[in-house]
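Below is one structure; the comments refer to it alone.
The values are calculated or read from the model by the stated rules, or taken from the named source; none is laboratory data. All figures in this text were calculated on a predicted structure; none of them were measured in a lab. Glycine also receives a Cβ, built like all others from the backbone with ideal geometry; neighbour counts cover every protein chain displayed. Heads up: the accessible areas ignore ligands, DNA and RNA and are worked out on the full protein's heavy atoms, side chains in. Shrake-Rupley method; radii C 1.70, N 1.55, O 1.52, S 1.80 Å.
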Amino acid sequence: MAARHDYSDSDVTVVLGPTNTGKTYLAMDRMLGHASGIIGFPLRLLARENYDRAVAIKGEGAVALVTGEEKIIPPRATYFICTVESMPIDRDVAFLAVDEIQLAADRERGHVFTDRLLNSRGRVETMFLGAETVRPLIRRLVPDANFITRPRFSKLTYSGSKKLTRLPRRSAVVAFSASEVYGIADLLRRQRGGAAVVMGALSPRARNAQVALYQSGEVDYLVATDAIGMGLNMDVDHVAFASLSKFDGRAPRALTAPELSQIAGRAGRHMNDGTFGVTAEVSAFDPDVVARIETHEFQSVKMLYWRNSDLQYATVQSLLKGLQKPPPGPGLMRPPTPEDQLVLDILANEPDVQNRAKGSSRVRLLWDVTQVPDFRKLRPETHARLLSQIYLHLSDTNENIPEDWVADQVGRIDRTDGDIHALMDRIAAIRTWTYLANRPRWVENAGYWQDQTRVVEDRLSDSLHDKLTEQFIDRRIAHLVKKLKGTDRMVAAVDEAGRVEVDGHFIGTLNGLVFEPDKTGLKTADRAIENAADSAVVPELERRALAQIDANDEAFSLDDRARVLWQGAVVATLTKGARPLSPKVSVTADDRLDRALCDQVAMRHQKWIDAHIDKLLGPLIQAEASPLKGAARGLAFQVAEALGTVDRKEAEAQIRVLTDEDRKALAGHRIRFGLNFVYVPDVLKAEPVRLRALLWTVDNDSEVPPALPPAGRVSFPTEKAVPAGFYRASGFYPVKGTAYRVDMIERFSAEVRRFLREGVKILPPASLSPLGIGAENAVELLVALGYVSSLGEEGISIAVKRKPKRRTTPKTKSKTSTKTGDVQKRKPKSSKRAEKPIGSDSPFAVLKDLLKR
């Protein structure tokens, strides 16, 4: 098994150890100490991260980045940072290294790592980095290798089970499906403000952006798939497993102890100890597995995957035969048929491909095309259809992929609409075209398309990051929860609109004298909001209270629910008082407002409402307070208590005993006697009517205030659930679903009486106009007012309702005695009532004595 370069003097070093041992830093430092070097990483993300480190030390001109989808190769580059599959293995360099060499045991990619282990060397030094599990096999396959063991910098300890909502800060939760990741992230958003999300399907740019949210401390939680287990250096203190099994592309299976260790090892960085455990109702770790993870002792790998890389390209069949070659020795085994080989089998059976794949160059081209990764994770048959088109283009006369086809495909992908899944699918799709653009001479104007595909991928990645952040992070909750647990004081402020912000985050609104927090649904965060609000809200409450105390009457108003408004905000509510015209005021104020100041505000509100009632309902107030006597005083009180309208029938007894002087005095208080009502015309205007309706609502403790009468209307439809008393108190008379203003009813009644005196029997239609009603409503109103009316062909008939005749007293009947047969006459009952004795203290006793004299 000879290496590609005969570097028999190359010093081969194998650096083994668990995570957090600094192996990568060691390899990078050793490479940059040589004149030239290549290092292969298992992930594009890791390659990019270490490329940036190398550029910072050696400069852009000296360092190249080579991955399947990205190539930055300066003309004089001497250091190549690559993915393992993209390593330029034929290049002569002083140093060569491969990271995570234990992946040689991986079913899908292992044969590539094994090939590097057996066949790739640096001229001076070669280094393989990995886990202790591959030591025995490497010792057998590379007997001249020197082994270095790197101990973990920090301690890793199992901490058992914790609920998701009880996980400590700086925790990473690991799940193995997108649905699990999303569900956990959403729960953490609601309970802890959110979490960053890391999955293998994310582009490096989107993944780095999510990690940056976590690293910056904007969120304290990370939810990830097993993508977290490699290539992400983060300040994680605790790793919680939300699942212990995953789907490996073929079937669900339990994770092995080394796989669990690789992920758990993300906890604790450098000299900081870490912990790991389970969450989300996952069964506890087996004690044996815990012991192995904590001590980093695992069973050695028994076999490495190997595939022949010394291929023959004379024909497609010779290529396929070479791929089927058995391993050269013990410890190596052929992998399940890799993806590229499955695609080759499919393409080799296509007639068009068979016709083109003639000669070693065309067969080699076909093999190169099958190396295009299936970033979209489709079925081999689906992926083969795309690769067939690509091969036919490349094997055509122009020997490149048509630019218009590339433009069409990239244009279809370049969209940022859709959900998270749609964006991830597009990122996977654009990675294919980025890969193709980076293949030498495959795409015309390759430099342009490399830039274009990278721009599209970046745009999609940024949109994906934004959507992940929007869906799974509530920055406000995250900030407030963190601040509540810390010692830093939060800075709060109130703007002119009453918006209250803490450290730039909206936490609620100050409406009038009440702070209304913007609830998060999380007790911890809501408590933080209340605490943070104090510093800004209390001074503003005091300022507003003093402003109301000093405000003039025009600053206040009433809304349709009998609440006092100041600057458009509710500051008090009317409550039932001793009488309808004297309601009380209950201030709507926050508990933070000083009690003495609150009492002063209440006094100011009471003063305003008293003045407001006097302004609009002055005649009622004055009538109630006037020095009237006897029946006049009683009637004035009755009208005031009824808020301005009394049914005449209810007041008839008092009206009969009124003297002319009484009537004159009541008229002076604007009280008018109509045919049907006793009312005050001055309080039938729009504003007084509205106030009367509100006062009735308050006096009757109405939980749901009825809709107020429309302003300026003389009739309108009533609501069945609303008591008739509401309409009467408002100055209206309800009749079968319609309410009529009492002064208009009086006017209508007067006209009807005039028509009847003049012998008119059909009501003129014009007489309905003032009430704004139709014929049917008019008939109902006339009947309710005591007239006889009906709707006929000629119109609305009207007539006086005749009073029924009195029944005459029947003659007394004779009664025959059953004993004697004598007829006896029944004595008529005396019409005189039995006289009641007059008390000696009664004024009528004095009158009786005078008459006797």
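Residue pairs whose Cβ atoms lie under 7 Å apart, sitting 6 or more positions apart in sequence or on different chains, and linking a residue in the stretch 735-761 that is open to solvent by 40 Å² or more (accessible area, probe 1.4 Å) to a partner that is among the charged types (D, E, K, R), are K736/E780.
Check the stretch 79-97 and report whether any residue there is surrounded by fewer than 21 Cβ atoms within 10 Å (Cβ to Cβ), touching a residue at least 12 places away in the same chain (Cβ under 8 Å) and touching a Leu at 6+ places or on another chain (Cβ under 7 Å). No, the stretch 79-97 contains no residue that is surrounded by fewer than 21 Cβ atoms within 10 Å (Cβ to Cβ), touching a residue at least 12 places away in the same chain (Cβ under 8 Å) and touching a Leu at 6+ places or on another chain (Cβ under 7 Å). For the stretch 96-133, the tally of residues that are under 49 Å from the mean Cα position of the chain (by Cα) and assigned to a helix (DSSP H, G or I) stands at 11. Checked against the criterion of being part of a helix (DSSP H, G or I) and under 15 Å from L332 (Cβ atoms), the stretch 152-172 has no qualifying residue.
I want to confirm something. Restricting to the stretch 521-539 and keeping residues that are modelled with pLDDT under 85 and either out of contact with any strand residue (DSSP E or B) (no Cβ under 9 Å at 6 or more places or on another chain) or over 23 Å from R476 (Cβ atoms) (or both), which single residue is surrounded by the most Cβ atoms within 10 Å (Cβ to Cβ)? If we take residues in the stretch 521-539 being modelled with pLDDT under 85 and either out of contact with any strand residue (DSSP E or B) (no Cβ under 9 Å at 6 or more places or on another chain) or over 23 Å from R476 (Cβ atoms) (or both), then A525 is surrounded by the most Cβ atoms within 10 Å (Cβ to Cβ).
Being more than 30 Å from V455 (Cα to Cα), at pLDDT 95 or above and of a type outside the set (D, E): is that true of R116 here? For R116, the condition - more than 30 Å from V455 (Cα to Cα), at pLDDT 95 or above and of a type outside the set (D, E) - is met. Considered as a group, the residues in the stretch 565-580 that are farther than 20 Å from R499 by Cα and out of contact with any strand residue (DSSP E or B) (no Cβ under 8 Å at 6 or more places or on another chain) include one that is surrounded by the most Cβ atoms within 10 Å (Cβ to Cβ), and that residue is P580.
On inspection, Y182 does not qualify as in contact (Cβ under 8 Å) with a residue 12 or more places away in the chain, open to solvent by less than 20 Å² (accessible area, probe 1.4 Å) and of a type in the set (S, T, Y).
Kindly indicate whether S203 is of a type in the set (S, T, N, Q) and within 20 Å of F375 (Cα to Cα). Yes. Looking at the stretch 507-563, which of the residues that are β-branched (V, I, T) and assigned to a strand (DSSP E or B) is farthest from V481 (Cα to Cα)? Per the criteria, the residue is V514. Being among the basic types (K, R), over 45 Å from the mean Cα position of the chain (by Cα) and not in a helix (DSSP H, G or I), is that true of even one residue in the stretch 724-743? Looking for residues that are among the basic types (K, R), over 45 Å from the mean Cα position of the chain (by Cα) and not in a helix (DSSP H, G or I), one finds at least one in the stretch 724-743, hence yes.
Considering the stretch 149-164, and only residues there that are farther than 30 Å from R135 by Cβ and open to solvent by less than 40 Å² (accessible area, probe 1.4 Å), the residue that is nearest to the chain's Cα centre (by Cα) turns out to be L164. Annotation: of all residues in the stretch 207-222 being without any contact (Cβ under 8 Å) to a residue 60 or more places away in the chain and not hydroxyl-bearing (S, T, Y), the one that is most open to solvent (accessible area, probe 1.4 Å) is Q215.
For the stretch 721-734, the set of residues classified as modelled with pLDDT of 90 or more and either among the charged types (D, E, K, R) or open to solvent by 30 Å² or more (accessible area, probe 1.4 Å) (or both) consists of P723, A724, G725, R728, Y733, P734, listed by residue number.
Conditions (1) closer than 29 Å to L156 by Cα; (2) surrounded by fewer than 19 Cβ atoms within 10 Å (Cβ to Cβ), marked per residue:
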residue: G33; (1), (2): no, yes
residue: L46; (1), (2): yes, no
residue: A62; (1), (2): no, yes
residue: L65; (1), (2): no, no
residue: R76; (1), (2): no, yes
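May I ask you to list the residues in the stretch 540-564 that are over 11 Å from I609 (Cα atoms) and open to solvent by less than 70 Å² (accessible area, probe 1.4 Å)? Result: E540, L541, R544, A545, A547, Q548, I549, A551, A555, D559. Give me the pairs, please: first residue somewhere in the stretch 42-57 and more than 8 Å from T83 (Cβ to Cβ) and of a type in the set (S, T, Y), second residue anywhere and modelled with pLDDT of 90 or more and outside any helix (DSSP H, G or I), beta-carbon distance under 8 Å, and either six or more positions apart or on two chains. Pairs found: Y51/V63; Y51/L65; Y51/I72; Y51/I81. The set of residues from the stretch 470-485 being open to solvent by 50 Å² or more (accessible area, probe 1.4 Å) and at pLDDT 75 or above comprises E470, Q471, R475. Restricting attention to the stretch 235-261, which residues are open to solvent by 40 Å² or more (accessible area, probe 1.4 Å), more than 34 Å from the chain's Cα centre (by Cα) and either among the polar types (S, T, N, Q) or at positive phi (or both)? The answer is G249, T256.
Summed over the stretch 566-587, residues that are without any contact (Cβ under 8 Å) to a residue 12 or more places away in the chain and hydrophobic (A, V, I, L, M, F, W, C) total 1. Checked against (1) farther than 25 Å from I101 by Cα; (2) open to solvent by 20 Å² or more (accessible area, probe 1.4 Å), L167 meets all criteria but (2). Within the stretch 267-281, the set of residues being open to solvent by 20 Å² or more (accessible area, probe 1.4 Å) and either touching a Gly at 6+ places or on another chain (Cβ under 7 Å) or within 15 Å of A172 (Cα to Cα) (or both) comprises R269, D273, T275, A280.
If you take the residues of the stretch 1-33 that are among the polar types (S, T, N, Q) and within 25 Å of Y51 (Cβ to Cβ), which of them is modelled with the lowest pLDDT? Per the stated criteria, the residue is N20. Exactly one residue out of V197, V239, V219, V181 is over 21 Å from E457 (Cα atoms) and in a strand (DSSP E or B), and it is V239. Taken over the stretch 324-340, the residue count meeting the criterion of being at pLDDT below 95, open to solvent by less than 40 Å² (accessible area, probe 1.4 Å) and not in a loop (DSSP other than H, G, I, E, B) is 1.
For the stretch 698-707, the set of residues classified as out of contact with any helix residue (DSSP H, G or I) (no Cβ under 8 Å at 6 or more places or on another chain) and either among the charged types (D, E, K, R) or crowded, with 19+ Cβ neighbours inside 10 Å (or both) consists of V698, D699, D701, E703, listed by residue number.
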